[in-house]
Amino acid sequence: MSHIAKTSRPRAARTTLYEEITSRIIADLEIGRLPWVQPWDAGRAAIGLPYNALSDRRYSGINILTLWHAVLTRGFRGHGFLTFRQALSLGATVRRGERGISIVYTRRAASEAAEPGGGDGGRGRDGARKGGFAFLKQFTVFSVDQCDGLPDKYHVETPPIPEGLILPQASALIAATGADVRIGGASAYYSPRHDFVAVPRPDDFYEPVDWHRTAFHELGHWTGHKSRLDRDQTGSFGSKPYGHEELIAEMAGAFVCAALGIMPSVRHADYIGSWLEIIREDHRAILRAASAASKAADYLLAFRPGAAAPAAAASVPSVASAAAALPVSSARDDDRAPAERIAA
């Protein structure tokens, strides 16, 4: 990336802004938190029964409930599904990184005791098959939303995002990063393996302004890729490394929103509070997280016109030293269960 002129905004002013936000987060954590609530509606498809998009046959039994659950929780726009091979037969592919849904069907094995060439074909007087046994076989299907290259008739048309829901300063910054940001679906997450960000549509949020907090949270994770700031993103859900990365991403999202003049209605401390046990065990954890978060925010903000080009290994004199003087609460007895993060 070519270097461009440095920003006219002094870095010291941005550092002060980060310190103020960090101080407010610590204060919120000291007095407790509200449970974090997913700020968007995951249900987007019209009412209908799931069906195989190639054969047009409806799924039945437990598969209806399984696929309804997938439509609701993963934000698919319709009820059409395909196997991997069926998608290939239509000249399409399942998008890289997508997860399938396991469903089952019943097969019946004929009884070995049935008379060969029996006149009733192994059936009783009422025509019902006698003997043999049934067994379940499992296979995987994908929503047509998870496939690329399908003929248009298999897709539910996506309406354009209403103008103005994504604020222009946020849209410009996201575009300038060059990040692979996929808007749509029911989940918000960053995939380190495939290096893309997924965020629901802004019109799926109860308060569209909260889309920006979510988008920049996930872009905070994006900065930690090994080709950028190279943070540890190997932790499994609920582990300390995972929680530390969540602290960084949420604070980075708060910093970027503040720098862009965006004030979401969802409190950032609500989600950070779900990892409070990390801070209880190590009172300097939030200070290290704030330092890493300021580097992540600076990395993103450096893509703005007039800003210095970001450097993956840049030394950022942000909140790292000043945060050491901030008050940190001592361990509290009212432990709360961590809120679930939506992940890939």
* Kindly indicate whether any position in segment 174-183 is over 17 Å from the mean Cα position of the chain (by Cα), free of Cβ contacts under 8 Å to residues at least 40 places away in the same chain and assigned to a helix (DSSP H, G or I). => yes
* Arg95: within 23 Å of Asp204 (Cα to Cα), outside the structural domain of Trp211 (by TED's automatic domain parsing) and modelled with pLDDT under 85, yes or no? -> no
* **Members of segment 168-212 found to be closer than 15 Å to Leu300 by Cβ and touching a Gly at 6+ places or on another chain (Cβ under 9 Å), listed by number** => Gln169, Tyr190, Val199, His212
* Asked: Mind checking which residues of segment 200-239 are aliphatic (A, V, I, L, M) and touching a Phe, Trp or Tyr at 6+ places or on another chain (Cβ under 7 Å)?
  -> Leu229
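The values are calculated or read from the model by the stated rules, or taken from the named source; none is laboratory data. Given the structure is predicted, the values throughout are model-derived calculations rather than measurements. Note: ideal-geometry Cβ built from the backbone for every residue, glycine included; neighbour counts use all protein chains shown.
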